[in-house]
Structure formats: structure tokens, C-alpha cells
Amino acid sequence: MTKQEERNFEHTLGNLNTKIGWSEDRQQQVRRRLAAQLNDTNSPEKASRIRRYMAPVLAFIMLLAVTGVFFLSEVTDQPIAEQGTPKQSADNRGTDQIQISEAEQTAIEEIEAGGFEVRLPTYSPIEQTEAVNIRQRPTGNVPHVSVQYINKYKEDVFTFQQEKISKVSETYRKERLSQMEADSDRQLEWDDYPIYYTKKGGTKTLKMVNIVTPQYAFTLASYRLTAEEIIEVAKSIPLADLN
Amino acid sequence: MPSEDTVQKYIIEWYDMYSMAIYKYIVKMLNDVQQAEDITQETFIRAYKYMKNERSVNNPKTFLYRTAHNLTVDHIRKHSPIQLFKDVFFEREDSRASIELIVEGREESEHVFEDLLSLKTTYRQVIILRKVEGFSIKETASILRWSESKVKSTLFRGLGKLESRLSEEGVYDKTGRKEF
């Protein structure tokens, strides 16, 4: 590069910021979201203070209740064991382990109101997995929904992405599918749809699963789960009656 | 110690002052406007949580850039693989279009932006902070938590890569005139 070129190059780099725009509308929208989130961030603190004081009281009440049940069972001579067992999950696979907050549930409803059929996995091998950051991205012809699944320590368990691919051309779809097939380490079938499992090396192995239906494409990715676990998660996506 | 409300007020003030710059920095790192908005928001949330724990911030701008930088790099590390599938379907239709949408202006800027995005993350971040955002060597070192000598050497190598890519594409001719 000559000196003139270098000056032009430095000038272009320096001016790059002026070429990137962010509408005031969008900026204000994020500002409102931030303000709301700051308020929410305060709330759990207050709630935890209440919990701190309430916990001993609740523990005492529960102790009384348990003692009462034992006392009554002695009096009526009925074995406790016959009075019921803890609730089991529907398919004995822990389908009730994924928690979704009300706010995230509302986000799903809003996305679905726009014609996107959200189908989230219902199973996680990790207890108390929570679905967070449920967001729709209206990218081009392929809008997609992304969700993060975290454990109780707020660590990533897996990520999920559902893309509406109904507007992708058939030729292009076939071409990409055959490439996915070639790249995948394992293929199996579930609900008449192929599941592609791929692992990516590195210091930590990323496990990915793709499922493609005529209307939607699903991607699951995880560093934490094993191949079998992430495949089980993929199988819990309710694909039946997907329009 | 400032009250939670005071901290909240600071954060909103900082948002008004720095959010545009932070957003543009993230866009240049990721080429994804949606993610850039999310990470911008998260940057200020992190700043709030940090200050709420009775910790003070001497230079808010550098602090916010460092937070944004950490979140962006974390995002690249954790989430880029899942984008692969998206890219599979987007490759032809959207990748070029998105660059055109983000960078409004002459073709030359688009070329530079595109080549910048193709560089590895360390080169990209140091070039953006030094040459686009205009931070000093010392500030860049503080944001990236590198030594000043590492900033200098990585910048030198990164600029070399970027220049050679632009030259290969014929963005600059041999007489020193731009071809646009």
C-alpha cells in the first residue's frame, strides 16, 4: 500500500461508524426495555428478603403439618404409604423439568399470534432447567425463534432455534439437506422426520442436532449434554400436527 | 453508597450517552443488528449489577466498552455454531443484503466492513477499538485486558491482513487512487 492508500484506508476505517445507523425509535425501544428490566432486577432482591424471613415460619408450619399427619395416621391406624406417592412425570423422563416463567410464556403467545407455531422441547436431562430469552428474529424470509435453556446456576444447558423455512425454495432446501446429511456424524428418524447429529471438535465438543420438517427447521446445540441426552431433548419437540 | 434508585439513574444517563457507540461497536463485531440490540441492553444491565454491589466505576465509557466486549466475545464463542444452520438457509439470500443494510454508504465502506468481519475475532476487535472507535493504546489494552505491547503487535498484524485482503480485491490500485 502506498502512503496515499494508507491515508484513504485509515480514513475509511475512521468513518465506518458514520455509515452504521440505529434508528431513534429502536434505540428508545431498547431504553424502555432496559428501564423495565432494571425495575425487575430490583424486585427479586425484595422478594428474597421476604423469603429470608418467611422461610423459618414456613418450615415451622410444615413441621407442624407433618407431625399432625403422623399423629392422625397413628390414630386411624392407616399406613402413610397407602395415602399416595409423589407425582411422577408423564413419560417418566422428567418432562416437567423445564420451567418457563409467565413473562416468557407471554412472549411465546405473542410470537404464535403472528403465525409462528412455536414447538419447544419439553424434556431436559438436567433438573430445574429453565427456558429464557425467548425471542423472535424477523430475519429476511426466514423468521426464527431462539431460546436459551439454563440450569439453576444460570449456566447454559443447551440452546434452541426454530426457523420458519416455508419460503425457502425447494431446490435450495434439498441442496442444503444433502450437505447436512454429508456433514452429520449420525442420522436417525423420529416422527417420520430425520434427525441429524453433528459434533464439532475443539477444546470442548459442541453437540448439535437438526430436525427439518417441511415448514420448520430445529437446531439444538450444547456443550454440556452428551450426544444421547441432546438427542432425547430433540425427540421431545412435539412435531405431530405441525402445519 | 448510592441507593439502587441512584444507580438506576446513572445507568439510564449512561445509556443516553453511550448506547449508540456501544451498539455500533457490537454491530461491527457481529454483523447482527438484533443481537447487537440485545447485547447493548445486557451491557447496561451488567453495569447496573456491578455498581449495585458497591463497586465504583472511574471511567464509564471504557468500562461499558469492556463489558460490551466481554459479552460480544462470549456470544461469538457460545452462539456462533448454532448460527451455522441459519447460515445454511441464509447464505445466498441474506448475507450480502444484511451488510448493505447495515452499512449505508459507498461501496468502499462495505468492502472494508465485509473484510473486517472476515478477520479473526482478535484482529477485528483491536482494529475496531483503535482505528474506528479511536481509543488509545492504553484504553484499548484496558478494554481487552491485554498488555499494551500485545495491542500494538496484534493491531499491526490485523491491519496487515485487512490491507492485503483489500489489495487482493483491488480496492486500491497501484497508483494509490481508490478504484471507486
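The values are calculated or read from the model by the stated rules, or taken from the named source; none is laboratory data. Only a predicted model underlies this, so the values are computations on that prediction, with no experimental measurement involved. Heads up, the Cβs are rebuilt from the backbone with ideal geometry, glycines too, and the neighbour counts pull from every protein chain shown. Areas reflect the complete protein model, heavy atoms only, side chains present, ligands, DNA and RNA absent. Shrake-Rupley method; radii C 1.70, N 1.55, O 1.52, S 1.80 Å.
Checking each residue in the stretch A:161-192 for being more than 21 Å from A:S146 (Cα to Cα) and hydroxyl-bearing (S, T, Y) picks out A:S169, A:T171, A:Y172, A:S178, A:S184. Screening the candidates A:Y172, A:Y223 for the property of being modelled with pLDDT under 90, among the aromatic types (F, W, Y) and within 20 Å of A:Q97 (Cβ to Cβ) yields one hit, A:Y223.
Residues of the stretch A:209-234 that are without any contact (Cβ under 8 Å) to a residue 60 or more places away in the chain and over 22 Å from A:V168 (Cα atoms): A:T226, A:A227, A:E228, A:I231.
Residues of the stretch A:1-20 that are of a type outside the set (S, T, Y) and surrounded by fewer than 13 Cβ atoms within 10 Å (Cβ to Cβ): A:K3, A:R7, A:E10, A:H11.
For the stretch A:196-207, indicate whether the set of residues that are outside any helix (DSSP H, G or I), within 17 Å of A:V142 (Cα to Cα) and open to solvent by less than 20 Å² (accessible area, probe 1.4 Å) is non-empty. Reasoning before the result, please.
Our first condition is that a residue be outside any helix (DSSP H, G or I); within the stretch A:196-207, this holds for A:196-207.
Of the ones still in play, those that are also within 17 Å of A:V142 (Cα to Cα) are none.
No, the stretch A:196-207 contains no residue that is outside any helix (DSSP H, G or I), within 17 Å of A:V142 (Cα to Cα) and open to solvent by less than 20 Å² (accessible area, probe 1.4 Å).
Quick check on my filter: what residues within the stretch A:149-171 are in a strand (DSSP E or B), of a type outside the set (A, V, I, L, M) and open to solvent by 10 Å² or more (accessible area, probe 1.4 Å)?
If we filter the stretch A:149-171 for residues that are in a strand (DSSP E or B), which is where we start, we get A:149-150, A:156-164.
Still in the running and of a type outside the set (A, V, I, L, M): A:149, A:156, A:158-164.
Scanning the stretch A:149-171 gives A:D156, A:T159, A:K164.
Just one residue in the set B:N31, B:N70 is at positive phi and outside the structural domain of B:I143 (by TED's automatic domain parsing); that residue is B:N31.
Considering each of A:V145, A:V157 in turn, give the residue that is closer than 30 Å to A:E109 by Cβ, modelled with pLDDT of 85 or more, touching a helix residue (DSSP H, G or I) at 6+ places or on another chain (Cβ under 8 Å) and aliphatic (A, V, I, L, M).
Numbers: A:V157 fails: touching a helix residue (DSSP H, G or I) at 6+ places or on another chain (Cβ under 8 Å).
Going through A:V145, A:V157 in turn, the sole match is A:V145.
Can you find a residue in the stretch A:78-97 that is at pLDDT 60 or above, under 24 Å from A:A240 (Cβ atoms), touching a helix residue (DSSP H, G or I) at 6+ places or on another chain (Cβ under 9 Å) and surrounded by 12 or more Cβ atoms within 10 Å (Cβ to Cβ)? Quick ask: steps written out before the conclusion?
Filtering the stretch A:78-97 down to residues at pLDDT 60 or above leaves A:97.
Filter again for under 24 Å from A:A240 (Cβ atoms), leaving A:97.
Okay, now just the ones that are also touching a helix residue (DSSP H, G or I) at 6+ places or on another chain (Cβ under 9 Å), so none.
Within the stretch A:78-97, none of the residues are at pLDDT 60 or above, under 24 Å from A:A240 (Cβ atoms), touching a helix residue (DSSP H, G or I) at 6+ places or on another chain (Cβ under 9 Å) and surrounded by 12 or more Cβ atoms within 10 Å (Cβ to Cβ).
In the stretch B:44-66, the qualifying residues are those that are within 14 Å of chain A (Cβ to nearest Cβ) and either hydrophobic (A, V, I, L, M, F, W, C) or touching a Phe, Trp or Tyr at 6+ places or on another chain (Cβ under 9 Å) (or both), and the one that is most open to solvent (accessible area, probe 1.4 Å) is B:Y50. Filtering the stretch B:134-170 to residues that are among the charged types (D, E, K, R) and surrounded by 12 or more Cβ atoms within 10 Å (Cβ to Cβ) leaves B:E139, B:E148, B:K150, B:K152, B:R157, B:K161, B:E163, B:R165, B:E169. Within the stretch A:3-14, residues that are closer than 14 Å to B:L166 by Cα have Cβ atoms under 7 Å from residues that are surrounded by 12 or more Cβ atoms within 10 Å (Cβ to Cβ) and of a type in the set (D, E, K, R) in these pairs: A:N8/B:K178; A:F9/B:E163; A:E10/B:K131; A:T12/B:E108; A:L13/B:K131, counting only partners at least 6 apart in sequence or on another chain.
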